[in-house]
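The values are calculated or read from the model by the stated rules, or taken from the named source; none is laboratory data. Source: prediction; values computed, not measured. Using ideal geometry, Cβ is built from the backbone for each residue, glycine included, and neighbour counts are taken over all protein chains shown. Only protein heavy atoms, including side chains, enter the accessible area calculation; ligands, DNA and RNA are left aside. Shrake-Rupley method; radii C 1.70, N 1.55, O 1.52, S 1.80 Å.
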Amino acid sequence: SSGSPASVPSPFIRPRCLAAAAPAGRAKLTHPGKAILAGGIAGGIEICITFPTEYVKTQLQLDEKANPPKYRGIGDCVKQTVQSHGIKGLYRGLSSLLYGSIPKSAVRFGVFEFLSNHAKDESGRLDSTKGLLCGLGAGVMEAVLVVCPMETVKVKFIHDQTSANPKYKGFFHGVREIIRAQGLKGTYQGLTATVLKQGSNQAIRFFVMTSLKNWYKGDNPNRAINPLVTGTFGAIAGAASVFGNTPLDVIKTRMQGLEAHKYKSTFDCAVKILRYEGLAAFYKGTVPRLGRVCLDVAIVFIIYEEVVKALNMVWKTE
């Protein structure tokens, strides 16, 4: 009869609420040390693939309406750069970004895994809201420790190339000149905008990524995710972050350019852009940024997940 104990369904096959009770259903945690190593490797490979789009984005954002624009669009920017400096011109400033990209990704994933390991429930599942908060923490830490000084140097490098007599001969020479002329704070221009940008960036990306992963895995927290699926989720997370915070990216770029002295603060920069160039100026460079960021986030998450899988085979932490 339906009342007999034999006919009562097992609690372990009911959706979500009790599935976690099965010992085999606990998700494996990623050791922060593995996350730091995997994140650094992923960041280095990704930036070598996507740097030209970052270069074009920065050039278009610095091409202010206040002066006659130098470029008519993305294609024209690429054409003029290649005509003047050859294909390698599209890689101007790569060294400064590469030196920063490896520690940036290492800090981001290391901090995220450290925070999320403490935020996961007993089944090892991270809910979307906690994913957002862990992403915010990771973004703020990478902004302060790596991104702000790295981005300031990169923007100054790219901007320097547009002058008649470029003064920076290379990465270390440029850093030395910036610190000699402006002190260490010269590499921390636009810190507020950078913290806002990176914090919101990673909060949005990890929120979307956590939500999509939870949806895909359903009741099985250890369900393997195909690299193509990881890449698709990463591209969606990247696109969401672009539409969410491109205005902050434009303000940050202006605050770090060679004409940053025109602005008293991050807020003053925003007010002046709005007053003199209109609302559309906050979305300058969106198309090249969208292309780069979707590719960037997809590549980083794919490489990160695959490197973690490889490390799990040789580095036992459980």
Check: Is region 192-210 home to any residue that is surrounded by 19 or more Cβ atoms within 10 Å (Cβ to Cβ) and farther than 20 Å from G137 by Cα?
Finding: no
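What residue, among those in region 118-146 that are under 21 Å from the mean Cα position of the chain (by Cα) and more than 14 Å from F206 (Cβ to Cβ), is surrounded by the fewest Cβ atoms within 10 Å (Cβ to Cβ)? Walk me through how you get there before you give the answer.
Of all residues in region 118-146, those under 21 Å from the mean Cα position of the chain (by Cα) come to 126-146.
Add one more test, that the residue is more than 14 Å from F206 (Cβ to Cβ), and what stays is 143-146.
Working: A143: 26, V144: 17, L145: 15, V146: 22.
Taking the candidates together, the pick is L145.
It is to be established whether one or more residues within region 260-277 are of a type in the set (G, A, S), modelled with pLDDT of 90 or more and farther than 23 Å from T210 by Cβ. First the steps, then the outcome.
Going residue by residue through region 260-277, those that are of a type in the set (G, A, S) are 260, 265, 270.
Going one step further and asking which of them are modelled with pLDDT of 90 or more, we end up with 270.
With the extra rule that they be farther than 23 Å from T210 by Cβ, the set shrinks to 270.
Yes, some residue in region 260-277 is of a type in the set (G, A, S), modelled with pLDDT of 90 or more and farther than 23 Å from T210 by Cβ.
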Check: Condition test on A298, is it of a type outside the set (S, T, Y), within 26 Å of I102 (Cβ to Cβ) and either assigned to a helix (DSSP H, G or I) or in contact with a strand residue (DSSP E or B) (Cβ under 8 Å, 6 or more places away or on another chain) (or both)?
Finding: yes
Margin query: With the requirement that a residue be out of contact with any Ser or Thr (no Cβ under 8 Å at 6 or more places or on another chain), within 20 Å of Q61 (Cβ to Cβ) and of a type in the set (G, A, S), what does region 146-179 give you?
Written below: S163
Next item on the list: Spot the failing condition for Y168; the list is (1) at pLDDT 90 or above; (2) outside any helix (DSSP H, G or I); (3) touching a Gly at 6+ places or on another chain (Cβ under 8 Å), and only one is missed.
Entry: (1)
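Is it fair to say K154 is assigned to a helix (DSSP H, G or I), open to solvent by 50 Å² or more (accessible area, probe 1.4 Å) and of a type in the set (K, R)?
Working: assigned to a helix (DSSP H, G or I): yes; open to solvent by 50 Å² or more (accessible area, probe 1.4 Å): no; of a type in the set (K, R): yes.
So K154 does not fit the description; no.
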Check: Filtering region 250-282 down to residues that are closer than 20 Å to T187 by Cβ, not basic (K, R) and not in a helix (DSSP H, G or I), which residue is least open to solvent (accessible area, probe 1.4 Å)?
Finding: G257
Margin query: Regarding region 89-97, can at least one residue be identified that is of a type in the set (G, A, S), modelled with pLDDT of 80 or more and crowded, with 21+ Cβ neighbours inside 10 Å?
Written below: yes
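Of the residues K57, K28, which is open to solvent by 80 Å² or more (accessible area, probe 1.4 Å), at pLDDT below 85 and among the basic types (K, R)? Steps first, answer last, please.
Values: K57 fails: open to solvent by 80 Å² or more (accessible area, probe 1.4 Å).
From the options K57, K28, the qualifying one is K28.
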Next item on the list: Scan region 66-77 and give yes if some residue there is more than 26 Å from A235 (Cβ to Cβ), open to solvent by less than 50 Å² (accessible area, probe 1.4 Å) and in a helix (DSSP H, G or I), otherwise no.
Entry: yes
Margin query: Which numbered condition in (1) in a loop (DSSP other than H, G, I, E, B); (2) in contact (Cβ under 8 Å) with a residue 24 or more places away in the chain; (3) closer than 21 Å to K252 by Cβ is the only one that R125 fails?
Written below: (3)
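Looking only at region 182-191, filter to residues that are surrounded by fewer than 20 Cβ atoms within 10 Å (Cβ to Cβ) and within 25 Å of V250 (Cβ to Cβ); which one of those is farthest from the chain's Cα centre (by Cα)?
My answer is Q182.
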Next item on the list: Among residues belonging to region 216-249 that are among the aliphatic types (A, V, I, L, M) and open to solvent by 50 Å² or more (accessible area, probe 1.4 Å), point out the one that is farthest from A298 (Cα to Cα).
Entry: A224
Next item on the list: Scan region 262-318 for residues that are among the aliphatic types (A, V, I, L, M), more than 15 Å from D249 (Cα to Cα) and touching a residue at least 60 places away in the same chain (Cβ under 8 Å) and jot them down.
Entry: L295, V297, A298, I299, V300, I302, I303, V307, V308, L311
